[in-house]
Amino acid sequence: MGVLNVTPDSFSDGGRFIQRDAALRQAQRMLDDGAAIIDVGGESTRPGAAPVSCQQECDRVLPVVEALVRELGALVSVDTSTAEVMREAAGLGAGLINDVRALRRPGALEAAAATGLPVCLMHMQGEPGTMQEAPRYADVVDEVVDFLAARMAAAEAAGIPADRLLLDPGFGFGKTDAHNLRLLAKLPRFGDLGRPLLVGLSRKSMIGRITGRPVEERLAGSISLALMAAERGAHILRVHDVRETVDALALLQATREHED
Ligand code: 8Y4
């Protein structure tokens, strides 16, 4: 899964076309490099980022979803927690709902069910603005597994069958480095929930803290964590650097073909 950056639109219509074309070019490159899915989001989950209105989110995300589907025929994942964005994106041909709030916003369960689309349920402790202030768990693996099991049950009760769900421990979302590393070490536990696992580790701040690298120098760290996650059972990797990650996965796959 390739991450598509959708930067806030400028007010001029000219700017809007330029941004749409830039998004299409970036997405086409990721598809050429081997991405199967393009993830498009319009809400920043960075600490301190301003909350985005439903209107702003629709304006940013929907034109890009429409262009990716119509012009590139891409499998588009819409990174949203907003019921209206889910409905509209599905109508434009999106193929997956990626919700970092695991359908906890009002109306999200019902909207996602109505689309009939697969949904990725991600764990997050707290809300983006404050989640990194003091993350606390008795046992991070038990708590995240239990949370995802409970959200699977809520989704099923709302009419989303389990075979339409993907699960994600939510690396970096209300977690210290120790929590993230423990979740990665124990990733096979999440496989026991019986659904495909999606993980996002690409360029995240844990890599910066452990390696001392700024965000633009985290490629080696990102590939390393992607490979570790794949080794431990991750099915879908949400990444910025598609070509390099696909190379690493080709080597993992080639090695697996020599196991007995
Ligand atoms: C540098 C680059 C530093 C990126 C931080 C970040 C996930 C996700 C995000 C994830 C799923 C991010 C939308 C955060 N992360 N969706 N979204 N799983 N399913 N931060 O891990 O990339 S945004």
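The values are calculated or read from the model by the stated rules, or taken from the named source; none is laboratory data. Please read all numbers here as calculations on a predicted model, not as lab measurements. Cβ sites come from the backbone with ideal geometry, for glycine too, and all protein chains shown count toward neighbours. We work out accessible area using only protein heavy atoms, side chains counted, and drop any ligands, DNA or RNA first. Shrake-Rupley method; radii C 1.70, N 1.55, O 1.52, S 1.80 Å.
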If you go through the stretch 201-218, how many residues are without any contact (Cβ under 8 Å) to a residue 60 or more places away in the chain and either open to solvent by less than 20 Å² (accessible area, probe 1.4 Å) or more than 12 Å from the ligand (Cβ to nearest atom) (or both)? 7
Of the residues LEU165, LEU187, which is within 14 Å of the ligand (Cβ to nearest atom) and either closer than 17 Å to ARG232 by Cα or of a type in the set (Ser, Thr, Tyr) (or both)? LEU187
Spans of helices (runs of 4 or more DSSP H) in the stretch 181-260 with at least 1 residues of a type in the set (Phe, Trp, Tyr): 188-191
Which of (1) surrounded by 20 or more Cβ atoms within 10 Å (Cβ to Cβ); (2) among the aliphatic types (A, V, I, L, M); (3) part of a helix (DSSP H, G or I); (4) more than 16 Å from the chain's Cα centre (by Cα) is the odd one out, the single condition ILE160 does not satisfy? (3)
Restricting to the stretch 236-260, name every residue that is open to solvent by 50 Å² or more (accessible area, probe 1.4 Å), farther than 21 Å from ILE207 by Cα and modelled with pLDDT of 95 or more. ALA250, LEU251, GLN253, THR255, ARG256, GLU257, HIS258, GLU259
Out of the residues in the stretch 5-22 meeting the condition of being in contact with a Ser or Thr (Cβ under 9 Å, 6 or more places away or on another chain) and modelled with pLDDT of 80 or more, tell me which one is surrounded by the most Cβ atoms within 10 Å (Cβ to Cβ). GLN19
Total residues in the stretch 28-42, condition without any contact (Cβ under 8 Å) to a residue 60 or more places away in the chain and under 16 Å from SER81 (Cα atoms): 3
Of the residues LEU193, LEU197, which single one is within 13 Å of the ligand (Cβ to nearest atom), surrounded by 13 or more Cβ atoms within 10 Å (Cβ to Cβ) and under 20 Å from the mean Cα position of the chain (by Cα)? LEU197
